[in-house]
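Computed from the coordinates by the stated procedures, all read-outs in this text should not be read as laboratory data. Being a predicted model, the structure only gives us computed values, none of them experimental. Here the Cβ positions follow ideal geometry from the backbone for every residue, glycine too, while neighbour counts run over all protein chains shown.
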Amino acid sequence: GESVGLHLPTLSVQEGDNSIINCAYSNSASDYFIWYKQESGKGPQFIIDIRSNMDKRQGQRVTVLLNKTVKHLSLQIAATQPGDSAVYFCAEKPAGSARQLTFGSGTQLTVLP
Amino acid sequence: DVKVTQSSRYLVKRTGEKVFLECVQDMDHENMFWYRQDPGLGLRLIYFSYDVKMKEKGDIPEGYSVSREKKERFSLILESASTNQTSMYLCASSYRTLKDTGELFFGEGSRLTVL
C-alpha cells in the first residue's frame, strides 16, 4: 500500500534577507534549549543554545529568542546566505531529565538566489 | 575538533538479519546516544549511555539493544531487523554530566534499509 510521510514545514527566503524559524516546545519545565542545523547528507550541528533564565542570546549572524509564557523559541538568521539552506531543529531539555534532549520535527530552510 | 565516526554510511539488510551499527568518538566524552531520524518526526532517542557498561532506554528502545564496552565506542544492535527499522541512525556524544546536557556532537549518520 501507499505510505504517507509527514512533511517538514518549509521556509523559503531570498538571499540577503533575514530568516525567522519558529519552534513551539512542549514542556514548561524545560530549562535548556538548543538549535541545530542539518545539511543534506550530514549529521546535525550545534548553532546556538539558551537557558531558561534568558530570553535572548546572540551569536554570529544568529539570534535565539525564548518566550516561556507561550513556550515558543525562534531562531533568527541575519543576511541569509545559500550555505544556510538546511533543516533546522530545536531541542529542549526538561529540568532534571535523565533523557537529555527532545527534538522538534525540523524546518527546511531554502535560500533563493 | 570533536569527531564522531559511524562505521557505515549506507547499509542494506534483509528482514530477520542481525545488524550492528558502530560509533566511535575521539574526545573522551562520557555520554553517547543513538537516535533515529525519520521524515517529519525529528530525532527520537533510542538508547543512551553515560558511562562504560551503563545504558538507559530512550523513547523508542523496542527492537534495539546497545553495547558500551569501551568509553569511545557505542554500538547499536538490531537483533532481528524489520522493515519498520528502515531509517537514518545518528550517533552523538557529549562531554557534560547527565544533569547538564551541553552540546551534542553528531556523526554523519547511517542510513539503513531493511528489505
### Task
Answer yes if at least one residue in region B:88-107 is touching a residue at least 60 places away in the same chain (Cβ under 8 Å), of a type in the set (Asp, Glu) and not in a strand (DSSP E or B), and no otherwise.
no
### Query
Would you say residue A:84 is under 25 Å from residue A:31 (Cβ atoms) and of a type in the set (D, E, K, R)?
no
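Here is a yes/no grid of residues against (1) surrounded by 20 or more Cβ atoms within 10 Å (Cβ to Cβ); (2) touching a residue at least 60 places away in the same chain (Cβ under 8 Å):
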residue: A:34; (1), (2): yes, yes
residue: A:42; (1), (2): no, no
residue: A:45; (1), (2): no, no
residue: A:58; (1), (2): no, no
residue: A:93; (1), (2): yes, yes
residue: A:100; (1), (2): yes, no
residue: A:113; (1), (2): no, yes
### Task
May I ask you to verify whether residue B:22 is under 10 Å from the mean Cα position of the chain (by Cα), under 28 Å from residue A:40 (Cα atoms) and among the acidic types (Asp, Glu)?
yes
### Summary
Subset of region A:32-46, residues in a strand (DSSP E or B) and in contact with a helix residue (DSSP H, G or I) (Cβ under 9 Å, 6 or more places away or on another chain), comes to A:37
## Note on the structure
Result of the Cβ filter at 9 Å on region B:41-60, keeping first residues that are surrounded by 14 or more Cβ atoms within 10 Å (Cβ to Cβ) and partners that are of a type in the set (Val, Ile, Thr) and not in a strand (DSSP E or B), at least 6 apart or interchain, is B:44/B:60; B:45/B:60; B:46/B:60; B:50/B:97
### Message
Can you confirm whether residue B:18 is over 24 Å from residue A:8 (Cβ atoms) and away from chain A (no Cβ under 12 Å)?
### Response
yes
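Filter region B:23-40 down to residues that are crowded, with 16+ Cβ neighbours inside 10 Å and either among the hydrophobic types (A, V, I, L, M, F, W, C) or under 14 Å from residue B:109 (Cβ atoms) (or both), then give me how many there are. Write out each step before concluding.
Taking region B:23-40 as the starting set, the residues that turn out to be crowded, with 16+ Cβ neighbours inside 10 Å are B:23-25, B:29-37.
In the following step, the residues that additionally are either among the hydrophobic types (A, V, I, L, M, F, W, C) or under 14 Å from residue B:109 (Cβ atoms) (or both) were identified as B:23-24, B:32-37.
Within region B:23-40, residues that are crowded, with 16+ Cβ neighbours inside 10 Å and either among the hydrophobic types (A, V, I, L, M, F, W, C) or under 14 Å from residue B:109 (Cβ atoms) (or both) number 8.
When you scan region A:74-84, how many residues do you find that are assigned to a strand (DSSP E or B) and either within 14 Å of chain B (Cβ to nearest Cβ) or touching a residue at least 60 places away in the same chain (Cβ under 8 Å) (or both)? Please lay out each step first, then the result.
Filtering region A:74-84 down to residues assigned to a strand (DSSP E or B) leaves A:74-77.
Then drop every residue that is not either within 14 Å of chain B (Cβ to nearest Cβ) or touching a residue at least 60 places away in the same chain (Cβ under 8 Å) (or both), which leaves none.
The total comes to 0.
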### Task
For region B:54-62, indicate whether the set of residues that are more than 20 Å from residue A:103 (Cα to Cα) and part of a strand (DSSP E or B) is non-empty.
no
### Message
On the basis of being in contact with a helix residue (DSSP H, G or I) (Cβ under 9 Å, 6 or more places away or on another chain) and part of a strand (DSSP E or B), does residue A:87 make the cut?
### Response
no
